[in-house]
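Participant: Pasting a structure below so you can have a look.
What follows draws every value from the coordinates through simple rules; no lab data is involved. This structure is a prediction, so every number in the text was calculated from the model and none was measured. We place every Cβ from the backbone using ideal geometry, glycine too, and count neighbours over all the protein chains shown.
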Amino acid sequence: MTLLEAIIGAAAEAEEGVPSEYPIVLNPDDIFLQLKPDDESPGGVSLVKRVSGWKISETDAAISELASHFAQTLRNKLKRPKSFGKGDFLGLLNSFLTKSAEKIGLSIGSDAADESSVQFSCSMIEKMGFLIGGEVARLIAECCAVLEVWEMLETLLLEGLIGHLKSTNLVEKLVEKNQPELLCLLVKHVSDLQSSELLAILKYFLSPTDGSYDGMVAVRRQWETEALSAIEKATTQAGLPKKVSRLAREASVLLMMAHDGFLSYEVCLHYVFGSSNGDGIMLSAAIAKLDGEEVLYLIRYFLKWLRKYHRFPEACPCPSAGATLGLRTCESVPSLESVVKGLGLVLDEHFSYLVFNSEFHAEMRAAENIINSLVLEANQSCPLGEIIRQLLSEIQKK
């Protein structure tokens, strides 16, 4: 089998959800160094030169074998979750990580003091995430959700190890177990959520329960903490470089807008519309399936943002505040463009319902005034202004 055939076959199997023969991220340097050009065939010149001799390194092969065995063990354990405890899971995971570290000559150091702890696992995942392939990461995440090892699941999300969620009910499990903080992280760090997953997240945020209340309050409290930190950096910290000081001022305005006046569940919505999931066909399909009350809540949310951007025209995105100032929530603040697009999707998908809902006629008129004043600042608002004018004309015909 050629290298190209191996790549094509692996891609097709991954799309179908078939476990990979190499459930790790292979090191391409070792592979390409071994490739040698075939002898040129006589009688012709080709722009494409065939190569042969590819094979994975002994180290990658050994780690791949460890990962395959570990993944199969987790699959078997997950079939009988009642007999699979947190201690068993940590023992299997930490053994896999420790053996993998030995194969590549990575020193564990003082982290080996307690190899049965969640903290050890999280530390090792941070160090060795580059060796954890998608299939293994998916199985670890599923175990975390089943066994409620939330700290480790947070680490997997922050390290960007949880990608495509096909064949995983992670969103469903987090909703079922009332984990709004992790859902916020998930929608921020997983960019290819399906419409069914986005719908579940939107419904969960728009219809908070007693069980989700504390978690949503914790999310809002985090935004409040970062908003206060941004204000402190912008007003009291002397000696900051000019660019950093200006960035702190921009971040303080942005986070103050995102926190002040928004309810806890609305702050959670920031992660949806401030991420790459907040744009595209999948979100449109999810919004189309919201019920009447959820639609009204979502429109109120967008109108709050429009009023904020109207009141603070100097507000602008500052995603670099995360890396520079540690203000990671800045990365999840919906831009004016995303707010306008989101409101446009809601109006487009639920136009008829809104025409016959007298509760929102006055709010639509107020929205028209805001949109008209924002048109000069954002070209994206022009189509939305036309949509609202059409909506008002339909209302007036009633």
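Participant: For LYS177 and THR59, FRET efficiency with R0 = 35 Å and r from the beta-carbon atoms, rounded to 0.05?
Facilitator: The calculated FRET efficiency here is 0.35.
Participant: Quote the relative contact order of the stretch 203-397 in percent (integer), defining contacts as alpha-carbon pairs under 8 Å separated by 6+ residues.
Facilitator: Result for the stretch 203-397 is 22 percent.
Participant: Calculated FRET efficiency, GLU148 and GLU232, Cβ-Cβ r, R0 45 Å, to nearest 0.05?
Facilitator: Computed FRET efficiency for GLU148 and GLU232: 0.80.
Participant: Another question about this same structure. What are the lysines whose alpha-carbon lies under 25 Å from the alpha-carbon of LYS203, with same-chain residues fewer than 8 places away excluded?
Facilitator: Partners found: LYS166, LYS173, LYS177, LYS188, LYS289, LYS304, LYS308, LYS341.
Participant: If I model a spin label at VAL217 and SER107 as a point 7 Å from the Cα along the Cα→Cβ vector, what separation in nanometres do I get?
Facilitator: Placing both labels 7 Å beyond Cα along the Cβ direction yields 4.7 nm.
Participant: List the residues whose amide H sits under 5 Å from the amide H of ILE132, counting only those 5 or more places along or on another chain, with H placed 1.01 Å from N in the peptide plane.
Facilitator: So ILE132 has HN proximity to VAL25.
Participant: Only Cα pairs under 8 Å and at least 6 apart count here; give the relative contact order of the stretch 268-360 as a rounded whole percent. Don't skip to the answer; put the middle values down first.
Facilitator: Values: 74 pairs, mean separation 39.6, N = 93.
For the stretch 268-360, the relative contact order is 43 percent.
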